[in-house]
Amino acid sequence: MGTYLRNAWYPAAWSRDIGRALMKRRLLEEDVVLYRTEAGTVCALEDVCPHRLMPLSLGKLEGDTIQCGYHGLTFDCSGKCVRVPGQDVIPQTARVRAYPIHENMGLAWIWMGDPAKADPSHVFDLPQYHDASWSAVEGDALEVAANYLSLADNLCDPSHVSFVHLSTLGNAQSEDIPVHFEVIPEEHKVLTWRWIIDAPAIPLFQKFGNFRGNVDRWHYYHYYAPNIAIIDFGSALTGTGAPEGKRGDCIQVFACHFLTPVDESHSIDYWLHVKNFHADEAMNRALSDQFRLAFNEDKEILEAIEVNERRLPGRRQIRLAIDGSPIRMRKMVSDMIGSEAPTESKAA
Ligand code: FES
Ligand SMILES: [Fe+2]
């Protein structure tokens, strides 16, 4: 059984980066070439010419078609060959695999599985992203030399924040606060959360929240298998009723992480945040800088763990209460992969 779920939407690139230049991306160990048509639609084709396997990304665009840089075979956006220089007959087999693509939340999402099952209405959406009273700020595509499920573990794990992100997202007051989780099978989701009551604001919120006193802070980690993490975190002044659901005067941020497995030991984390307050460009940049700092702290840890996992294959790891959520998330991903018919593992 493979380790990737193919029938799922994965971010292939930021929409802002796809234009009239050919762009190569590797996802689930497949190479894909992306470009935009003159009308602005995104095309995604396997980055392999069916003639001599030349990467099509080394060719060029001719209008909305892509021309191989070796002998000029030319393909349209559906992968159909429309020209074979030097002959009139186009062989039936002269086809390139085309992938369904749909843009949302500033990203181009690609479907790596059976095209007949690709439903754009299932591309992940966060309603607040489109709500004018919220503000969305795009981040980066963070490359991490680790398996995507290690990133997923980290995104089901609020407890590390108290130790890893002390200068930004966490503080020592939360070290001993237990973590709770719940599995929601119908949404393919594991929800992990904890509340830190009556504690100083974390550095990030001290910077942006102007809190005059202790706060109640929540962390809800929504992990949608296989690759989507939405971290709802925020703070309100202690005593204002936030734990009971009164969040009128609070700072709330959805930190969104959309993961793409590149191969078994490389992943990309496309991250952005959506917050319930507006800020000028400099402040947004400062906020993104804080997130960037924090996510690079995760990267450093996950890459070091990946090295040790490869060096010490089969080494038993102890399990703690905080591992309940990542374990259930992995089980969910593995069950979803198991439910894909083997013939779908590489749908052509
Ligand atoms: S390798 Fe592409 S046309 Fe020959
Ligand atoms: Fe982290």
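Return the residues of region 230-268 that are closer than 15 Å to residue 134 by Cα and part of a strand (DSSP E or B); say none if nothing qualifies.
Let us first name the residues in region 230-268 that are closer than 15 Å to residue 134 by Cα, namely 232-234, 247-256.
Matches in region 230-268: 232, 233, 234, 250, 251, 252, 253, 254, 255, 256.
Going by the structure shown, is residue 271 modelled with pLDDT of 90 or more, part of a strand (DSSP E or B) and surrounded by fewer than 17 Cβ atoms within 10 Å (Cβ to Cβ)? Don't jump to the end; show me each part of the working.
Working: modelled with pLDDT of 90 or more: yes; part of a strand (DSSP E or B): yes; surrounded by fewer than 17 Cβ atoms within 10 Å (Cβ to Cβ): no.
No, not satisfied.
May I ask you to verify whether residue 12 is among the small types (Gly, Ala, Ser), out of contact with any strand residue (DSSP E or B) (no Cβ under 8 Å at 6 or more places or on another chain) and either in a loop (DSSP other than H, G, I, E, B) or closer than 17 Å to residue 261 by Cβ (or both)? Working first, answer last.
On the way: among the small types (Gly, Ala, Ser): yes; out of contact with any strand residue (DSSP E or B) (no Cβ under 8 Å at 6 or more places or on another chain): no; either in a loop (DSSP other than H, G, I, E, B) or closer than 17 Å to residue 261 by Cβ (or both): yes.
So residue 12 does not fit the description; no.
Could you tell me whether residue 310 is out of contact with any Leu (no Cβ under 8 Å at 6 or more places or on another chain), over 25 Å from residue 168 (Cα atoms) and touching a residue at least 12 places away in the same chain (Cβ under 8 Å)?
The answer is yes for residue 310.
How about region 137-160: which of its residues are small (Gly, Ala, Ser), away from ligand 2 (no atom under 11 Å from the Cβ) and in a helix (DSSP H, G or I)? Spell out the reasoning first.
First, the residues of region 137-160 that are small (Gly, Ala, Ser): 139, 141, 145-146, 150, 152, 159.
Next, from what is left, pick out any that are away from ligand 2 (no atom under 11 Å from the Cβ): 139, 141, 145-146, 150, 152.
Within region 137-160, 150, 152 qualify.
In region 51-78, how many residues are within 10 Å of ligand 1 (Cβ to nearest atom) and assigned to a strand (DSSP E or B)? Talk me through it step by step, then tell me what you get.
Of all residues in region 51-78, those within 10 Å of ligand 1 (Cβ to nearest atom) come to 51-56, 58-59, 67-75.
Then keep just the ones that are assigned to a strand (DSSP E or B); that gives 67, 74-75.
Counting residues in region 51-78 that are within 10 Å of ligand 1 (Cβ to nearest atom) and assigned to a strand (DSSP E or B) gives 3.
Name the pairs: first residue in region 151-175 and farther than 15 Å from residue 299 by Cα, second residue part of a loop (DSSP other than H, G, I, E, B) and within 9 Å of ligand 2 (Cβ to nearest atom), Cβ to Cβ under 7 Å, at least 6 apart or on different chains?
Close Cβ pairs satisfying both conditions: 162/170.
Here are the criteria: (1) away from ligand 1 (no atom under 15 Å from the Cβ); (2) crowded, with 18+ Cβ neighbours inside 10 Å; (3) not assigned by TED's automatic domain parsing to the domain that holds residue 274. Tell me which single one residue 96 does not satisfy.
(1)
For region 161-173, which residues satisfy the criterion of being in a helix (DSSP H, G or I) and farther than 11 Å from residue 221 by Cβ? Outline the logic, then answer.
At the first step, the residues of region 161-173 found to be in a helix (DSSP H, G or I) are 161-164, 172-173.
Scanning region 161-173 gives 162, 163, 164, 172, 173.
Let's see how each residue does on (1) crowded, with 21+ Cβ neighbours inside 10 Å; (2) in the same structural domain as residue 93 (by TED's automatic domain parsing); (3) out of contact with any Leu (no Cβ under 7 Å at 6 or more places or on another chain):
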{"residue": "14", "(1), (2), (3)": "no, yes, no"}
{"residue": "19", "(1), (2), (3)": "no, yes, yes"}
{"residue": "24", "(1), (2), (3)": "no, yes, yes"}
{"residue": "28", "(1), (2), (3)": "yes, yes, yes"}
{"residue": "33", "(1), (2), (3)": "yes, yes, no"}
{"residue": "62", "(1), (2), (3)": "no, yes, yes"}
{"residue": "65", "(1), (2), (3)": "no, yes, yes"}
{"residue": "68", "(1), (2), (3)": "yes, yes, no"}
{"residue": "71", "(1), (2), (3)": "no, yes, yes"}
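From the list 48, 89, which one is out of contact with any Asp or Glu (no Cβ under 9 Å at 6 or more places or on another chain), assigned to a loop (DSSP other than H, G, I, E, B) and more than 16 Å from ligand 2 (Cβ to nearest atom)? I'd like the intermediate steps shown before the answer.
On the way: 48 fails: out of contact with any Asp or Glu (no Cβ under 9 Å at 6 or more places or on another chain).
On inspection, the qualifying residue turns out to be 89.
I'd like the full set of residues that are surrounded by fewer than 16 Cβ atoms within 10 Å (Cβ to Cβ) and either within 27 Å of residue 293 (Cβ to Cβ) or among the charged types (D, E, K, R) (or both), limited to region 179-194.
Listed by number, the residues that qualify are 182, 186, 187.
The values are calculated or read from the model by the stated rules, or taken from the named source; none is laboratory data. Bear in mind the structure is a predicted one, so any value in this text is a computation, not a measurement. A quick note on method: Cβ atoms are made from the backbone with ideal geometry, for glycine too, and the neighbour counts reach across all protein chains shown.
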